[in-house]
Amino acid sequence: MQLPGNEPADWQAPTARGPVGGTVRLPGSKSITNRALVLAALADAPATIVGPLQARDTELMTAAITALGADVATSGPADSAGPATGQPVWTVTPGWRSGRVRVDVGNAGTVLRFVPPAAALAAADVEFDGDPRARERPVSELLAGLRQAGVEISDDGRGALPFVLRGRGHVAGGAVTLDASSSSQLVSGLMLAAPRYSRGLEIRHHGARVPSAQHIAMTAAMLTRAGADVEVTSTRPDDGLPDGWRVSRARLTPGTIAVEPDLSNAAPFLAAAVVTSGHLTISGWPAVSLQAAGQIIDVLSQLGATCWHDSDGLHVEGTGKIRGITADLRDVSEVAPVLTAVAALADSPSVLTGIGHMRLHESDRLAALAAEIGALGGDVTELPDGLAVRPRPLRAAAVPFDSHDDHRLVMTAAVLGLVVPGLRIHNAGTVGKTFPEFRTSWLQMLGQAP
């Protein structure tokens, strides 16, 4: 798979010359694309993915399922393959290799947590490793859950990368209990493979509230569409959120999967409209979405944006006023870094909670945001479960804004650069993890040549 070229290591973030305007077209959703790839690899017949994201995270997932034995053929515009005419199309043919296999997860949480449950079905010893940061990311509860399902794993007691999963061509399944409070992907990974286990899986979460619960609902919806039987078996007594799921054994027949635009990648553009008092349209914004569309719009509205949806997409208009907010961002944590940038430009303080688990993402996002915005003169303080943001005048620092090898930090810095002249971003190319054409799209939004 050939990806578009990445951005230069250091990027001079452009300053807005006035209110932004126009229409932005987003790439496909990473979350949906990588779930679709796993479902297709586990299916009983070839499946078609229309409009997938082409970026490092999906390249890693494609390489992972290919290493296990699937074949992924790519082609151009969809034509009659699905509703997303003009977008790329991937055809995934299931298959399994035996012997010894190596999977590189890079720093992709979805690859780290979705592939091991599927790999357990291979008659192979599958070695998992990845980037240095990936060795620090939570996976021990997933490994514990797989062991409860009958999978043998060698990790020298680390509960982290690297480890070897000793697949035997089948998995017994049954009852699994784990603490998924560090990542909803721990539940989603088990759910995706569960229909192929001999007894399916009954998954029970114990611990604090699972973050990004919408992503588990996304997994359940995609499984159901592919022919699986998914049932919520229990809910938390305090907030009524699911904490138990049953996925029965079933044949998977995903057929054609149309990938929605990535609404997390919309965040910096939506924020641009807010901080420049502009008006942007996000084309293709789904009226009904597998993603947390409603929550994203709700938080933007709280910050002071005016939002409405019509046949052209989602319209967001800045009102010239940015309000400080108190918000639980647990279910939209992927957009929390960009929202922190907006909060740093507000007219009053903000408290953003429910995002303590972001310390374990591609970077320690809470520490990184506090340090990098602080270097610009801002005041961002870490809380046990979030951030306190007190707006102050910002100015570009002598050293670049460090991306910490995190795509969301690049997007955050780009938003700040709209109103902070001279802001440079170090290692901006890491945004290619989920949005290789981000810089081009950003300059087009501003009416500036790439």
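Throughout, read-outs are computed from the coordinates displayed, never taken from laboratory work. All values reported here derive from a predicted model rather than from experimental measurement. Ideal geometry is used to build each Cβ from the backbone, glycine not excepted, and the neighbour counts take in all protein chains shown.
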Give me 257, 297 sorted ascending by neighbouring Cβ count inside 10 Å, so fewest comes first.
297, 257
Net charge dipole size for the chain [Lys, Arg +1 and Asp, Glu -1 on Cβ; Debye, nearest 20]
340 debye
State the extension gain, in nm to one decimal, for the chain segment bounded by residue 347 and residue 251, taking 0.36 nm per residue of separation less the distance between their alpha-carbons.
29.1 nm
Which parts of segment 277-304 would a label at residue 25 reach, counting a residue when its backbone N lies under 17 Å from a point 7 Å out along Cα-to-Cβ?
281-286
For the chain, Rg(Cα) over 2.2 N^0.38 Å is 0.95
Sorted from fewest to most neighbouring beta carbons within 10 Å, what does the list 104, 156, 229 look like?
156, 229, 104
Checked against the positive end of the charge dipole of segment 30-246 (+1 on Cβ of Lys and Arg, -1 on Cβ of Asp and Glu, about the Cα centre), the farthest of 207, 121, 177 is 121
Determine the dipole magnitude for segment 30-246: charges of +1 sit on the beta-carbon of Lys and Arg, -1 on that of Asp and Glu, nothing else is charged, the reference point is the Cα centre, and the result goes in debye to the nearest 20.
140 debye
Ranked by GNM mean-square fluctuation in the chain (Cα springs under 10 Å), the top entry among 310, 238, 71 is 238
Can you put 24, 164, 420 in order of Cβ neighbours within 10 angstrom, beginning with the fewest?
164, 420, 24
Rg over Rh of segment 30-246, using C-alpha atoms and the Kirkwood radius, what does it come to?
0.95
